[in-house]
1. Sort out for me the Cα centre separation of segment 91-133 from segment 1-76, rounded to whole Å.
2. Take Ser27 and Ser166, extend 7 Å from each Cα along the Cα→Cβ direction, and tell me the distance between the two endpoints in nm.
3. Any idea of the accessible area per residue across the chain, 1.4 Å probe, to the nearest Å²?
4. Relative contact order for the chain: what is it in percent, counting Cα pairs under 8 Å that are at least 6 residues apart?
5. Computed from the mean reciprocal separation of all distinct C-alpha pairs, what Kirkwood hydrodynamic radius does segment 14-68 have, in Å?
6. Give, as ranges by residue number, the residues of segment 59-102 whose backbone N falls under 15 Å from the point 7 Å along Cα→Cβ of Lys130.
7. With an 8 Å cut-off on Cα pairs and a minimum separation of 6 or more residues, tell me the relative contact order of segment 60-163 in percent.
8. On the protein heavy atoms, probe 1.4 angstrom, tell me the percent of accessible surface of the chain carried by carbon and sulfur.
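The values are calculated or read from the model by the stated rules, or taken from the named source; none is laboratory data. For clarity, every value in this text was computed on a predicted model and none was experimentally measured. Here the Cβ positions follow ideal geometry from the backbone for every residue, glycine too, while neighbour counts run over all protein chains shown. To get the accessible areas, we keep the full protein, side chains included, count just its heavy atoms, and leave off ligands, DNA and RNA. Shrake-Rupley method; radii C 1.70, N 1.55, O 1.52, S 1.80 Å.
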Amino acid sequence: MKSTLIQAFHPHPERSRVQRSWLECLSSVQGLTINRPYERYPDWRIDVEREQALLMAHERIVFMYPLYWYSVPPLMKLWMDEVLTFGWAYGPGVDRLKGKTWLQAISTGAVAQDYQAGGFNEFSLSELLKPVQRTAHMLGMRYRPPFVLHGVRQQDEQALQRSAQSLLDELQAEAEPQFL
Ligand SMILES: Cc1cc2nc3c(=O)[nH]c(=O)nc-3n(C[C@H](O)[C@H](O)[C@H](O)COP(=O)(O)O)c2cc1C
């Protein structure tokens, strides 16, 4: 498997069902590094050098988080502001993250049908994730379609286990397109 960093951003891991089941499944897999900034930085003082070193050491970065107000949880936004800095992550002649893969594993409360024109949430998840997509491309990273579990309240334990296995399968498949 590609060297993979899981950046698990859950503001309340003790209340989590989905993200917790994904993490439990992935924690038994060799070759994955799991980083949990909410647990690591309870005071929100991010160790920027440590986080940048983690990015450098892995080919694929998986941001795992619950959708919060159609966006990322607040510590993930702060992490982006503080870690992905001008002169280190982007800027003239800077290509440290170029070619690395940016993947997201996202859970949402609303069901899939809500995420479309005319649906309750009006916009597709692809539309709502444009700022993140643009950020990845700004860094020269390869943005992959997100792994998504919608309608979390409707999911029983078995469905959660299946989704965790699907996520693991996707990570192990390495079905990356070839750019010739
Ligand atoms: C502050 C907050 C904001 C949320 N915003 C959204 C949202 O914009 N869209 C959505 O579908 N679900 C939203 N949810 C629901 C969460 O995404 C959902 O509970 C979570 O993905 C479930 O994963 P977990 O079991 O790991 O916590 C929100 C939940 C909270 C607490």
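1. 16
2. 2.3
3. It amounts to 54 Å² per residue over the chain.
4. Working: 252 pairs, mean separation 45.1, N = 180.
Value for the chain: 25 percent.
5. One decimal place: 12.9 Å for the Kirkwood radius.
6. Residues 71 qualify, since their backbone N sits under 15 Å from the label point.
7. Reported relative contact order: 32 percent.
8. 51
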